[in-house]
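Report on one structure; see the data block that follows.
The values are calculated or read from the model by the stated rules, or taken from the named source; none is laboratory data. None of the values given here were measured: they were computed from a predicted structure. Glycine gets a Cβ as well: all are built from the backbone with ideal geometry, and neighbour counts include every protein chain shown. In case anyone asks, the SASA skips ligands and DNA or RNA and just uses the protein heavy atoms, side chains included. Shrake-Rupley method; radii C 1.70, N 1.55, O 1.52, S 1.80 Å.
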Amino acid sequence: MKIDRLLAIVILLLNRRMIQAKELAERFEVSVRTIYRDIDALARAGIPVVTYQGAGGGIGLSEGYRLDRALLNDEELAAIVTALRSLATSDPEADRSSLLLEKIQQIIPVSRAEHFRFRTEQFIVDYSDWGGRGELQELLTLLKQAISGLHPVHFRYKDAEGRISSRSFEPYTLVLKHHQWYVYGRCMEREQFRMFKLIRMREVSMAEDFTFAREPIVLEELPWQQSWNKPDNRIRLVLRFSPDGAHLAEEWFGHETLEEHVDGRTIVTCHFPENDWLYRFILSFGVNVEVLEPPHVRDGIRAMVQQMQHHYGDAT
């Protein structure tokens, strides 16, 4: 938190000609002595902090000193604020995001504050559930602690086929993908990097007395996507959507992938890995879609529909 406090002090000094140490101490709930230690740390880091003595004195920056605000214009800062606000809707430690939001807003001059607020309220992404999911939030908090402290975690995992296994795991990062939370890291049993779905994890515990050495990986390349999207792991799928389902085809696959017919039906050609998820995904479109190719997927969907019909058939 000291880094956060130092950054906040610099931002305050950029926007105010002078501020008293007592006010800073009250704002950050620390002692005046701690504030002066922070000021010394900033000075050693090359920030030209000046202490003015006397009744009207206080702490300020050397005249003319500014961080280069041209590095980020108002539009770019507004994009950051929008992203932070969206993240805060699903972050169990939203208070920190709120603090950072306040810091960024303090950079904006008063003359542009109203316009900046308007820009940041034009687009809101809410990742939170309609109802409460307290257990998920607790698990997110535990995993964030494990990632920060480099602590392994142990849990029981129920996969998509219903098989249960015990895992020891080195967590690297949390991933929010398609409204679901995952954790990506190294499975100690398999000695491979894996991604686990949080809602399938049970009896999760953190090994607080142990730490692991984090291997260098390039998260920007989304390594969890690489195995999923391998060409030899995907099949060519041709779907036909009814006129009532045309909007679903466009929503899920994009207008550029669609082949629209004069009868109102829409053909989609796409590539996906063949697994249980694929069949559930197709069935989620209900009566609005028909599988044309490949034949074995069409047969698989037909068998599942027949089984569902049996479940809902006449009890007599």
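Quick notes on this one:
- FRET efficiency for the Asn275 to Ser166 pair, using the beta carbon distance and R₀ = 22 Å, is estimated at 0.45.
- Rounded to the nearest 10 Å², the accessible area of Lys22 at probe 1.4 Å: 130
- Treating each Cα of region 228-291 as an identical point scatterer and summing with the Debye formula, the log10 of I(q)/I(0) at q = 0.13, 0.22, 0.25, 0.26 Å⁻¹ comes to -0.34, -0.90, -1.10, -1.16.
- Inter-label distance for Asp244 and Asp299, nm, one decimal - labels placed 7 Å from Cα along Cα-to-Cβ: 3.0
- Distance in nm between pseudo-label sites at Asp159 and Gln192 (7 Å out along the Cβ direction from Cα): 0.9
- Annotation: Asp40 carries an accessible surface of approximately 80 Å², with a 1.4 Å probe and no ligand, DNA or RNA atoms counted.
- Length gained on full extension, Arg117 to Gln225: 35.3 nm, using 0.36 nm per residue less the C-alpha separation.
- When a 1.4 Å probe is rolled over the protein heavy atoms, the share of accessible surface on region 166-215 that falls to carbon and sulfur comes to 42 percent.
- Potential lengthening of the chain between Glu215 and His179 amounts to 10.2 nm, from the contour at 0.36 nm per residue minus the alpha-carbon distance.
- Less than 5 angstrom separates the built amide H of Met188 from those of Ser168, Phe169, Glu170, all sequence-distant by 5 or more or on a different chain.
- At R0 = 30 Å, FRET efficiency that the Cβ-Cβ distance of Leu6 and Ala207 yields, to 0.05: 0.40
- FRET efficiency for Ser148 and Arg16, using Cβ-Cβ distance with R0 set to 22 Å, rounded to 0.05: 0.10
- Rounded to the nearest 10 Å², the accessible area of Met188 at probe 1.4 Å: 70
- Phe272 long-range amide H proximity, modeled H, under 5 Å: Ile235, Leu237
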